[in-house]
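A.B. asks: Dumping the structure here so I can ask a few things about it.
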Amino acid sequence: MSAVCWVGLARLLMLEPVVGDAFHRADVDKARRILLDLASKNIADCDAVRAAIRRIEKQYGNREDGVPVGEDSERNEFYASKGLYGRVTVKGDLDAVNGARLITLLSSLSAPTPEKDGAKDTRTPALRRADGFCELLRRYERAGLGPIEGGVKPHITVTASAKDMTDLKALKDLLPSTEELGFAWTDWVGPISIDTARMLACDCTITRILLDENGVPLECGKEARTATVPQRRALAVRDGGCAFPGCGTPSGWCDAHHIVHWNDGGPTDLDNLILLCGHHHRTLHHTE
């Protein structure tokens, strides 16, 4: 630590004797809070405060087996809670190694992405990180790497009535006894809009379940993939990535979008499919 840092630390301890008291009583968290509070008042620079915290933690904060506080995975915390409108708030505190792993994985996924014409990426850094984190989740889900739970791999389950999912009046008329709710339902977070349900249904596995008037399943059809692996490969060759004008998102990050939705009678063939990135796919479904 430089002489300036030592002077800064000395000033901290002189101005707040309680820091020294907490230091000697091994109240690491209290000492750290005071140091950070004083740092915010420009009494010492951040490097001096970090060095002081590391010194306190080195002397008092390690576990009995010698694991440093910053590398102690038993202190890790992660919260994911549902809030208003079905949004999910995420908060966490990770050890140095897993924190570095997360930042490394997010780095390339959250980098600014200019348009093909050179237009600047206008997303804020926070939005880019959120988009990168969502892309990380999507890739993990698609790779099928998660453990089996309830007999299936981790996936999003969306439940919606056939009447809600189609815009064609002729098809709605074929289902006179089917209730039109105006929303779909997902596990964990509850209702979502029909536009979002139709977006997810563009490129997914569909299971048709026939219910009676009380909601009791009468028949369960076979699973059907809306866009096959060979079709996605052909789309990657044809579209080369997101087909939205000016977008340069690679094909591996895209969904196969039905131009005429399959629930409206649109076929799942190459002439009715295009690749769209998540942003433009959402935009298209919510503006149609």
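The values are calculated or read from the model by the stated rules, or taken from the named source; none is laboratory data. Please read all numbers here as calculations on a predicted model, not as lab measurements. No Cβ is skipped: glycine too gets one built from the backbone with ideal geometry, and neighbour counts run over all protein chains shown.
A.B. asks: What is the one condition in (1) modelled with pLDDT of 80 or more; (2) in contact with a strand residue (DSSP E or B) (Cβ under 6 Å, 6 or more places away or on another chain) that Gly246 does not satisfy?
C.D. replies: (2)
For (1) farther than 27 Å from Gly190 by Cα; (2) surrounded by 10 or more Cβ atoms within 10 Å (Cβ to Cβ); (3) touching a residue at least 60 places away in the same chain (Cβ under 8 Å); (4) not basic (Lys, Arg), each residue gets a yes or a no:
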| position | (1), (2), (3), (4) |
| --- | --- |
| Val90 | no, yes, no, yes |
| Asp95 | yes, yes, no, yes |
| Leu106 | yes, yes, no, yes |
| Leu109 | yes, yes, no, yes |
| Ala126 | no, no, no, yes |
| Arg129 | no, yes, no, no |
| Arg138 | no, yes, yes, no |
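A.B. asks: Got a number for residues in the stretch 255-272 being touching a His at 6+ places or on another chain (Cβ under 8 Å) and either part of a loop (DSSP other than H, G, I, E, B) or within 25 Å of Asp117 (Cβ to Cβ) (or both)?
C.D. replies: Total meeting the criteria: 4.
A.B. asks: Test Ser73 against the criterion of being modelled with pLDDT under 90 and surrounded by 10 or more Cβ atoms within 10 Å (Cβ to Cβ), and give yes or no.
C.D. replies: Values: modelled with pLDDT under 90: yes; surrounded by 10 or more Cβ atoms within 10 Å (Cβ to Cβ): yes.
Yes, satisfied.
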